[in-house]
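Asker: Take this structure, written in structure tokens, and hold onto it; I'll ask about it next.
Values quoted throughout were computed directly from the atomic coordinates according to the rules given, and no laboratory measurement underlies them. Keep in mind that this is a model prediction, so the values were computed, not measured. Methodologically, a virtual Cβ is constructed for each residue, glycine included, from the backbone with ideal geometry; neighbour enumeration extends over all protein chains shown.
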Amino acid sequence: MNKAITLSTLLGAAVVSHAGIWNVNFVNDLMTGAEAVPPTASVAIGGELGSGIRYNDAANRLEINLLYGMIGWPELEGNFLSASLGLGAPGQVGQQVVDMTTWNLAFGSRRGFILGETTLTQAQEAQLFAGNFYISISSAKYPTGEIRGQLAVVPEPGTWALLLAGLGGLWYFRRK
């Protein structure tokens, strides 16, 4: 009986810790020229806005809310050309997965918001969780990418709480 309870608690904790909404952050917190490939001398900065970047693994939906050159951050050094979600390891140029240029809400030619969502395939989801996605913004001065941010997936605090509760239950039943 104890083994059955232990096993069900462990399985419940594993399932709960995987399913749901995941926060996706930039590895170095912001999009910068230093992260671009090749690195640029740009002082422009971009980052998350509002709910930020989130991934719903049940619906395979990646929601992107970011801004650049706003809230006191330096603007792009060149006029905005494009934004994209790319598939590539840190420090490597990869293939464009989503052209986010039409998601741009510009406030002038060098600052604005990028808001939108896309559906990922299962293979792309695996690459997202492996840290192999990035967002890049290109400008007239840096057409191959002025600023870039590598993405890293982190679970919501509620997911961690449920995982810890499940592990606590496992510990409790193991002691009995």
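Asker: Which order results if 31, 70 are arranged by neighbouring Cβ count within 10 Å, fewest first?
Answerer: Going from least to most buried by this count: 70, 31.
Asker: Pop a pseudo-label 7 angstrom from the Cα along the beta-carbon direction at both residue 27 and residue 122 and give the gap in nm to one decimal.
Answerer: 2.7
Asker: Hey, fewest Cβ within 10 Å first, where do 99, 57 land in order? Walk me through the intermediate numbers first.
Answerer: Numbers: 99 11, 57 16.
Lowest count first: 99, 57.
Asker: Compute the relative contact order of the range 21-155 as a whole-number percentage, counting only Cα pairs closer than 8 Å that sit 6 or more residues apart in sequence. Walk me through the numbers on the way to the answer.
Answerer: Numbers: 356 pairs, mean separation 45.0, N = 135.
Result for the range 21-155 is 33 percent.
Asker: Continuing with the same structure: Report the FRET efficiency, 1/(1 + (r/R0)^6), for residue 34 and residue 102, where r is their Cβ-Cβ distance and R0 is 35 Å, rounded to 0.05.
Answerer: Plugging the Cβ-Cβ distance into 1/(1 + (r/R0)^6) gives 0.80.
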